[in-house]
Amino acid sequence: MSESVQTKEREGSVSPEAPDLSVSVADPAVDANERLRLRVTGMSCAGCAMSVEKALEKVPGVVGAVVNVASSAAGVRYDASRTQPKDLVAAVESAGFGASLDDEEGESSGPSERLWLLWTAALTLPVLLINHGVAGIANPNPLLLIVTTLLLFTSGLKFYRGAWYALKNRAANMDVLVALGITAAWAFSAVVTLLPDRFPGAATHFEATAMLILFIRFGKMLEGGAKRRADESLRALVRLRPDHATIIRNGSRIDVPLAEVTKGTRILVRPGERIPVDGIVVEGSSLVDESPVTGESDPVFKKAGDKVTSGTEALDGSFTLEATAVGGDTFVARMIRMVEEAQLDRAPVQRLADRLANVFVPVVVAIASVTLAVWYFVAGGTFAFALERAVTVLVISCPCALGLATPTAILVGTSVGLRRGILFRKGSTLERIAGVRAVLFDKTGTITRGEVTLEGMAIDGNDELTALTWAAAGAGRSLHPLSKAVAEAAMEREIITADPGDFVELRGQGLKYTLQGTQFAFGAKSLVEEDRPHPDFDEQAAVWERGGYSVVWLHRDREPVALFALRDEAREGVPDTIARIERLGIRTALVSGDSQQAAETVAAHVGIGKVYARVSPEGKVAIVEQGQKDFGPVAMVGDGINDAPALAKADVGIAVGAGTDIAKETGDIILVQNSLEDVASAIELGKATLAKIRQNLFWALIYNVVAIPVAAGAFNHWGVTLPPAYAGLAMALSSVAVVLNSVDLKRWQPVGV
């Protein structure tokens with residue numbers, strides 16, 4: 001047997017291709033249904049979100065609806081033959097909320113909210129001055145009644161409207177509590193003012209009514225601003241899409257709206273301009289800033305033949321590209337869709353908050369009623385004092401904080417991931433990845449770079465060119481990295497191959513085909529035979545495998561005629577990534593279709609102790625299932641078609657950005673930068689997000705557990721009491737605190753960064 005070993009010297013650096021994500025936000029089971037995202041205004045708590053969901057689900061043709069109070073958005077899946085977007089908007093409006101097709105800016109507390117706050121403050125100030133005798137009016141109550149009534153039915157009308165629609169939809173929300181509180185305080189004060197003889201010496205609560213409205217509006221405006229800060233990463237992504245593009249038509253440059261650009265159109269991109277669509281450079285060159293979509297700070301040089309991605313920016317040169325994806329098919333559009341879907345998804349931990357929010361308002365109303373009865377009928381207090389305690393209970397209770405605890409943290413977590421090139425297809429994935437106990441890694445294209453090269457051949461009875469010609473005939477029909485490397489080696493030698501017949505690709509094993517009536521098998525030795533010895537070939541294969549090479553056998557009429565040694569270097573930083581994951585108490589393992597020796601060599605290099613080799617795609621699924629039984633939740637990291645079943649079976653499937661479309665369709669997480677370091681970062685981000693959710697739920701519950709007894713007067717004997725107005729401020733600020741605690745997640749950094 002003769003042997004020939006040839007090595008390749010890599011020439012310079014090759015600029016990486018633009019990410020090619022194929023993100024499908026639709027469930028395959030409901031592909032026939034349309035999906036629509038609505039911007040919903042006027043929601044204040046989880047009760048509002050449930051009201052909107054119920055209203056949407058009642059529309060004929062709606063398959064499902066989910067509403068996120070943190071992002072002020074609703075996702076609807078519906079049958080377009082039975083309903084239209086206008087019907088969905090009308091349903092939301094009938095529930096008492098505003099609705100529109102989702103846009104760039106989304107809900108805003110803008111000028112109208114600020115103007116309402118100024119109006120409320122302008123009426124509250126004279127109430128305070130009059131009530132404290134600054135105006136010198138002998139009997140101020142009639143004037144206070146007029147001013148407070150004007151305030152109640154202008155600025156306070158928002159709460160009445162929200163309460164009315166909530167009760168109409170058989171739900172209860174924060175507006176119900178606020179409306180009850182301000183009405184009770186105002187009504188009692190009005191009765192005292194109009195019938196002074198019936199309540200001699202009784203104190204009025206006009207000041208409390210005015211300050212409640214002021215503080216709650218102020219708190220909601222702060223909350224709205226904090227929520228917009230939480231969502232700014234997605235807004236920044238949306239703004240990456242330019243409105244117009246300069247197309248080249250008949251030699252002329254024409255500025256057209258982006259919506260008019262079609263596939264195949266040639267577009268001119270000048271320095272400083274955003275690339276409007278996905279495409280291929282056909283003329284010119286430039287450094288391109290891809291950081292907005294990949295998180296990678298170093299510019300990438302693009303020249304003719306290179307792919308470019310929408311949303312990236314040309315820096316120092318101009319070029320012409322040919323559009324390959326436009327509109328909703330572009331990379332940025334698909335990223336936006338996926339992030340929006342992730343933010344609408346409900347994490348499992350949110351179920352507790354939803355159950356609590358469902359019964360919260362009725363329970364608080366019951367507590368307020370008991371408080372009134374106990375202070376007036378049992379403790380012998382005045383009706384004014386008893387009513388004050390009941391009102392304080394109503395307005396200090398905060399279902400908003402509970403409702404915002406989970407979705408706001410998910411909103412920020414997905415935004416942080418987006419900024420770092422880690423795309424979560426579902427918000428619940430952040431919680432699930434925080435709980436994984438084992439991570440399984442594919443080898444080729446995942447642990448290794450996927451840049452496979454043919455490094456050596458061993459032949460018997462034939463010359464190298466003949467053996468390479470036979471192998472390349474089948475390899476050229478396959479997308480597997482090892483096959484592609486052999487096909488590329490044949491192309492470099494300008495070998496012309498015949499089209500194979502009876503071509504069959506057996507996943508995880510190799511290829512079978514015929515050439516001029518002769519049967520060939522290209523792949524693992526086991527593709528043809530298991531134990532039959534071939535001393536020279538077996539010895540050479542063992543030597544190469546100990547050196548970390550992948551070895552592929554070529555059989556002709558079931559007899560081995562050549563071996564191919566292929567090399568794929570491990571990615572930089574993989575040992576550090578494995579160490580980071582294992583420091584979190586998570587087991588790691590390598591799962592490969594390669595030989596035991598080759599897989600163990602790579603695993604030893606990167607620090608993985610457990611190796612599963614010669615594993616078929618079905619075998620990978622079985623290993624995932626066994627890991628789930630032995631350890632608990634399992635994450636699978638892969639990039640190829642062979643990994644798709646395992647990615648789907650794992651509790652969390654992680655697809656690297658350079659992988660095949662089917663792997664990315666299956667993955668729960670997509671690593672845009674194609675960096676395994678982001679596997680560890682995704683786990684750490686999931687744990688950080690889950691910690692924020694738990695903090696939010698803890699403080700929201702503790703706030704209500706402590707605040708309600710104080711408001712009810714349980715500590716009145718020791719002089720600890722709380723006026724209704726300040727109870728309203730505390731309620732508003734509790735929601736703001738939960739949102740700001742979530743926004744603090746934006747400061748999160750991966751370990752070692």
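Laboratory data are not the source of any read-out in this text; all were calculated from the coordinates shown. Keep in mind that what you see is a predicted model, and the values were worked out from it rather than measured. Heads up, the Cβs are rebuilt from the backbone with ideal geometry, glycines too, and the neighbour counts pull from every protein chain shown.
Brief remarks follow.
- Summing Cβ point charges (Lys, Arg +1; Asp, Glu -1) relative to the Cα centre of the chain gives a dipole of roughly 3740 debye.
- One decimal place: the segment E572-A379 gains 62.1 nm when fully extended, by the rule 0.36 nm per residue minus the C-alpha distance.
- Segment R694-K58, extension gain: residue separation times 0.36 nm, minus the distance between their alpha carbons: 225.7 nm
- Amide H contacts of V62 (H built 1.01 Å from N, in plane; Pro and chain starts excluded): D79 sit under 5 Å, all sequence-distant by 5 or more or on other chains.
- Cut-off under 5 Å, modelled amide H: who pairs with A562 long-range: L554
- Exposure proxy for W748, W553, W718, W164: other Cβ atoms within 10 Å of each Cβ, ordered fewest to most, give W718, W164, W748, W553.
- Low-density loop cleavage sites - GluC sites (Glu not before Pro) in region 29-104, where at most 13 other Cβ are within 10 Å (DSSP): E104
- Rounded to 0.05, the FRET efficiency of the D87 and T154 pair, given R0 = 41 Å and the Cβ-Cβ distance, is 0.80.
- Cα-based Rg / Dmax (Å) for region 243-329: 11.8, 37
- The base-10 log of I(q)/I(0) for region 420-572, evaluated at q = 0.08, 0.12, 0.15, 0.20 Å⁻¹, reads -0.28, -0.56, -0.79, -1.26 [Debye formula, identical scatterers on Cα atoms, solvent excluded].
- Whole-Hz Karplus values for region 214-224 come out as 4, 5, 5, 5, 4, x, 5, 5, 4, 4, x Hz, taken residue by residue from phi with 6.51 cos²θ - 1.76 cosθ + 1.60 and θ = phi - 60°; glycine and proline positions read x.
- Sites L115 and E322 - FRET efficiency at Förster radius 56 Å, r taken between beta-carbons, to 0.05: 0.65
- Measuring from each cysteine beta-carbon in the chain, the ones with no other cysteine beta-carbon under 4.7 angstrom are C48, C398.
- D (Stokes-Einstein, µm²/s), Kirkwood Cα radius, region 380-428, 1.567 mPa s at 4 °C: 92
- Spatial extent of region 65-186: Rg and Dmax, with the Cα atoms as the point set, Å: 19.5, 69
- Cα centroid separation - region 400-429 against region 134-164, whole Å: 40
- Cβ-based exposure ranking for S112, S369, in which fewest neighbours within 10 Å come first: S112, S369
- Extension gain for V191 to I496 (0.36 nm times residue separation, less C-alpha to C-alpha distance): 99.9 nm.
- Counting every other Cβ atom within 10 Å of each residue's Cβ, H205, H132, H480, H534 order from fewest to most as H132, H534, H480, H205.
- Amide H within-cut-off set for T448, under 5 Å, with H built and near neighbours excluded: R571
- Backbone phi angles across region 327-332, fed through the Karplus curve with coefficients 6.51, -1.76 and 1.60 (θ = phi - 60°), yield HN-Hα couplings of x, x, 8, 6, 4, 5 Hz in residue order; Gly and Pro are listed as x.
- Cα-based shape type of region 33-101, given that a ≥ b ≥ c are square roots of the gyration tensor eigenvalues and the cut on a/c is 1.5: prolate
- Tail fraction, Cα-Cα pairs, the chain, threshold 38 Å, whole percent: 51
- Karplus-based coupling profile of region 374-388, in residue order and whole Hz: 5, 5, 8, 8, 9, 7, x, x, 6, 5, 4, 5, 4, 5, 4, with θ = phi - 60° in 6.51 cos²θ - 1.76 cosθ + 1.60 and x standing for Gly or Pro.
- CD proxy at 222 nm, helix term only [per DSSP H run n ≥ 4: -39500 (n - 2.57); per residue of the chain; nearest 500]: -15000 deg cm²/dmol
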